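The values are calculated or read from the model by the stated rules, or taken from the named source; none is laboratory data. Fair warning: this is a prediction, and the values are worked out from it, not measured in the lab. Reconstructed Cβ throughout: ideal geometry from the backbone, glycine too, with neighbour counts over all protein chains shown.
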Amino acid sequence: MTTSLDVPSPPEPVLGADWTLRPAADSGHGLGAYTVAPRGGGTPVELRLHRVAHHPLRACYPYGAHDISVGLVLPDHAEAGQDLAGRLLGDLVPALFAADPLCRRVVAAPAEDDTATQDTFAAGGFRRITEADLPSGSVVLFAAEPSWLADLATALDDMPH
């Protein structure tokens, strides 16, 4: 069983030259909160990173101690905001896996009725997994995995006998 003492804080991602990442005041144990904007200017996106062990998603799947939950607050649900967030997610996921090589899954859980945010996570490389009920309401679970995990054979016919 994983205890809160065994769970490291989420890493600060290194996003590269295209983005400006600023820590938010409400970062704390188990939470990394940031404001992210394109380097050349533009509307910022609020980014929240939790270790799944410190998030209600821990009840939804057999998480690892290094799994990370991503939350986004989009500037609005206009197409430009979704495109920006989709590009951000495309850069963020590899940066999180690089910052924590023990992370086996980055997950997101937008509200079940928030199709715009669901579309954003899908555009950012996340796969839709299932629906789940959390204390805050029904959500759709999305996940991104590093290639070393995602490419593992899971069909019984592909397993060595």
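Just checking: which of the strands (runs of 3 or more DSSP E) contained wholly in region 97-151 hold 3 or more residues that are modelled with pLDDT of 95 or more and touching a helix residue (DSSP H, G or I) at 6+ places or on another chain (Cβ under 8 Å)? In region 97-151, 106-108, 137-144 are the strands (runs of 3 or more DSSP E) which contain 3 or more residues that are modelled with pLDDT of 95 or more and touching a helix residue (DSSP H, G or I) at 6+ places or on another chain (Cβ under 8 Å).
Looking only at region 12-29, residues that are modelled with pLDDT of 75 or more, assigned to a loop (DSSP other than H, G, I, E, B) and either of a type in the set (D, E, K, R) or touching a Cys at 6+ places or on another chain (Cβ under 8 Å) (or both) come to 2 in all.
Within region 93-112, the set of residues being exposed (fewer than 14 other Cβ atoms within 10 Å of the Cβ) and either touching a residue at least 24 places away in the same chain (Cβ under 8 Å) or within 21 Å of TRP19 (Cβ to Cβ) (or both) comprises ALA98, LEU102.
Just a yes or no: is a residue in region 54-76 basic (Lys, Arg), surrounded by fewer than 21 Cβ atoms within 10 Å (Cβ to Cβ) and in contact (Cβ under 8 Å) with a residue 12 or more places away in the chain? No, there is no match, as no residue in region 54-76 is basic (Lys, Arg), surrounded by fewer than 21 Cβ atoms within 10 Å (Cβ to Cβ) and in contact (Cβ under 8 Å) with a residue 12 or more places away in the chain.
The set of residues in region 118-146 being under 12 Å from the mean Cα position of the chain (by Cα) and of a type in the set (Val, Ile, Thr) consists of THR120 alone.
Scanning region 37-52 for residues that are surrounded by fewer than 21 Cβ atoms within 10 Å (Cβ to Cβ) and more than 12 Å from the chain's Cα centre (by Cα) yields ALA37, PRO38, ARG39, GLY40, GLY41, GLY42, THR43, PRO44, GLU46. Summed over region 47-70, residues that are of a type in the set (Lys, Arg) and not in a helix (DSSP H, G or I) total 2.
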